[in-house]
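The values are calculated or read from the model by the stated rules, or taken from the named source; none is laboratory data. What you see is a predicted model; the values in this text were computed from it and never measured. Here the Cβ positions follow ideal geometry from the backbone for every residue, glycine too, while neighbour counts run over all protein chains shown. Heavy atoms of the whole protein, side chains included, go into the accessibility calculation; ligands, DNA and RNA do not. Shrake-Rupley method; radii C 1.70, N 1.55, O 1.52, S 1.80 Å.
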Amino acid sequence: MKKKSFTKPATAEFSFPDNDAAQLLFGDLNRNLTAIEKSTGVSIGVRGTTVTIKGVQHEVALAETVLNQLFDLIKAGHPVYPQDIPYAIRILERSPKAGLKEIFLDQVYITSNRSMVSPKSINQKLYIESIRAHDMVFGIGPAGTGKTYLAVAMALSALTSNQVKSIILTRPAVEAGERLGFLPGDIAQKIDPYLRPLHDALNEMLGRERAAELVEQGIIEIAPLAFMRGRTLNCAFVILDEAQNTTHEQMKMFLTRMGFNSKSVITGDITQIDLPSSQGSGLIRASKILKNIKGISFNYFSDADVVRHPLVQDIIRAYEKKRKGKAKDS
């Protein structure tokens, strides 16, 4: 019996039952269809609400699935933005049976400008579900995969629904020894550049004025990791960012600050460790020591989960390829 060839030419033709929804799906000047053509390699023709897709068999099947699932999203009331197209294609390319509605419609938080924060990949969806189900969650993976951003959104959601009374965001200041001393200003001004990414996430979601108000009231605290020593953090949503730059002792100190009715999310990228080579990363060590403890969830991201500019994904892949090549040669 001959195996089916997935490289032979194929054509698919189908119509959408709702003209208005179909036009939203196609986008202004059919730009969403153009994005699908570019990402999948097919050609798409449109006549009214009827779509004809031509190309290689597996690419045609992918484009058809993407269009039908995006149409269902629109019918469910979720607008499809051009940036959603590559995320949808990436998800369905890797997991053809995945449901975009279950992922994209998982509302995490509504920002001050009324945009919805939601997962954009299967791993992001699993990460969100892990934070909901566990009191301590690790998110490990490359830059741009939404580890910290989604954690901040989950923290704000928990605060809004009165699940916690405060949010604490912290980072290690790995260069506090010598380089920090050359920066102008008092200690708060010196440390601020290390904490700026956390301020940026809050400002984007809450708006600058509301974020500043909550920080001033002490409901949201943004502080370097050293400030956590000796504290017990009750009724709080605590996020440790850039955890790859913690030492073993710092990581242990942070993890044991956890109090009652609290959640802790620890995020980091083990490919970007800024510690001196003589010091091991507390994040790497914790992932080995704690992996079998019930109630702690470890979530791992890859370049496929990057939600920044498309070039970021290519850059991460190039560096990872180089790193693996070096490891193979040594």
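Couple of notes before you dig in:
- MRE, 222 nm, helices only [DSSP H, n ≥ 4, -39500 (n - 2.57), over the chain, to nearest 500]: -13500 deg cm²/dmol
- Counting lysine pairs in the range 193-322 whose alpha carbons fall under 20 angstrom apart, excluding pairs fewer than 8 residues apart on the same chain, gives 6.
- Exposure rank, largest accessible area first [ILE220, ILE110; 1.4 Å]: ILE110, ILE220
- Maximal additional length on extending the ALA143-ARG308 stretch stands at 58.5 nm, based on 0.36 nm per residue less the C-alpha distance.
- Accessible surface of SER278 - all protein chains present, 1.4 Å probe, nearest 10 Å²: 110
- For the range 235-307, chymotrypsin sites (Phe, Trp or Tyr not before Pro) meeting the loop criterion (DSSP other than H, G, I, E, B) and having at most 11 other Cβ atoms within 10 Å: PHE260.
- FRET E, pair ARG132, SER112, Förster distance 25 Å, beta-carbon r, rounded to 0.05: 0.60
- List ARG208, ARG171, ARG47, ordered by accessible area with a 1.4 Å probe, largest first: ARG47, ARG208, ARG171
- GLU93 accessible area, 1.4 Å probe, all protein chains in place, Å² to nearest 10: 120
- Computed over the range 1-149, the P(r) curve from all C-alpha pair distances, binned at 5 Å from the origin, holds 2, 9, 17, 19, 18, 13, 10, 7, 4, 1, 0, 0 percent per bin.
- Per residue convex hull volume, Cα atoms of the chain, in Å³: 190
- Heavy-atom accessible area per residue - the range 35-155, 1.4 Å, Å²: 42
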